[in-house]
Amino acid sequence: MSARTYLLAAGAFAVGTSAYVVSGVLPTVSAELGVSLTAAGQLTTAFALAYAVSAPLLATLTARWERRSLLLAALLVAALGNAVSAVATTYPLLLGGRVVAALGAAAFTPAATLFATALRPPAERGRTVAIVFGGLTVALALGVPAGSLLAGSLGYRGVFGLVAVVSLAMAVAVRMRLPLMAGAPAVPLRERFAVAADRRVLMVLAVTVFGVVATMSVYIYVVPLLTVTTGLGTSAIGGLLLVYGLGAILGNAWGGRATDRFGSIPTLLAVIAGFIVMIATLPLTATTTVGAAVALFVWSVFTWSFNPPVQTLLLNLAPSGGLVLSLNASAIYLGMGLAGVLGGVVIDVAGVLVLPEIAAALGLVVLALLVGLRARIRRAPVPEPVSVG
């Protein structure tokens, strides 16, 4: 794969850390700002909803922009949002910083995915998408656990400051190393949004929303969950989050290769079935340090195998890609936003141990949607990229 693809993955790491690091600093935010754990969790909701609303709008407004300039601007906005978060001493200001960071991430991730796939042949599409999204998995593997570990010494402000510096460094690298790439030709707005009327696309987007709600409703609150099931402290749980991140890296890579070899739908069916089993049994398996490490690793492998086949399927349905990828990005972060709300409600009403069972039920909804999508695609086939082995 091209070094340019890996640079785009590094940019995805920067904006991914911005999105996910809140999970690692929830207790610190709660303590330093004097807000409840549930209120701190809504920082993820604010980021996610801002991303969900802005991604298709930004994709439409910037469709004709030169691609490198768009990526550069997106990273600078993400850096600004994290800088605001770093100096925030009140909850409303921190909330505003998360929204600004979300705008940068919403512009970057779909554009980076499209940029990367334009550099590679169609038969390598799944692996190319997996590399770009690998930046998000590394954000989980390193960014979130590091945030959890550093929050004690640096506070949440120092953690967000580091994310701002990384985002700025990635902006410099994009400016220096990526080639110019023309934007999309002028397309009427009505035609641009016509892809959203395809019922197959809508079903894929529904799969994304329910799939993300299922996993993120647990992951956002994974620190308090593991505190209950294992009795471990925050620093030890930071190590378990690192294990989860390593599973994410493996799952993302496997998801890309499996998609290129077996196709999107078979890969998704296998991934969701494995996810349901792992998440439903999490309260039983994650009761010791070793058991929690194994459970989180396998859960993460299935969870992070999800993105490459979904993205590839959408690119096959709409080869021009820009808007449909931004719609899927919106679906991802809409799912994250809903997950934060759902998780908070479940914790308040029934307790944190009920979250995995709710997630498993949502996984069954995803499985049913996939079966229906497979039947619809069989009636109107989607061409998969030719395998290269």
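The numbers here are math on the coordinates, done by the rules we state, and not lab data. Fair warning: this is a prediction, and the values are worked out from it, not measured in the lab. Heads up, the Cβs are rebuilt from the backbone with ideal geometry, glycines too, and the neighbour counts pull from every protein chain shown.
Structure notes:
- Residues in the stretch 78-94 reached by a label modelled at T227 [backbone nitrogen below 14 Å; 7 Å Cα→Cβ]: none
- Charge-dipole axis of the stretch 3-379 as Lys and Arg at +1 and Asp and Glu at -1 on Cβ define it, positive-most pick from S305, G161, L71: L71
- The chain: most fluctuating residue of V324, V354, V290 per GNM, C-alpha cutoff 10 Å: V290
- Burial ordering of T303, T267, fewest other beta-carbon atoms within 10 Å first: T267, T303
- Of every Cα-Cα pair in the stretch 237-318, the percent that sits beyond 23 Å: 25
- Taking packing as the residue-averaged number of other Cβ atoms within 10 angstrom, the listed peptides 223-230, 367-374, 31-38 run from highest to lowest as 223-230, 367-374, 31-38.
- Shown here are the Rg and Dmax of the Cα trace of the chain, at 19.4, 58 Å.
- Estimated distance in nm for a label pair at V277 and A39, the labels positioned 7 Å out from Cα along Cα-to-Cβ: 4.3
- Proximity of backbone amide H atoms, modeled 1.01 Å from N, is registered between G183 and E66, R67 at under 5 Å, excluding neighbours fewer than 5 places apart on the same chain.
- Taken as Cα centroids, the stretch 262-282 and the stretch 298-345 sit 15 Å apart, rounded to the nearest whole angstrom.
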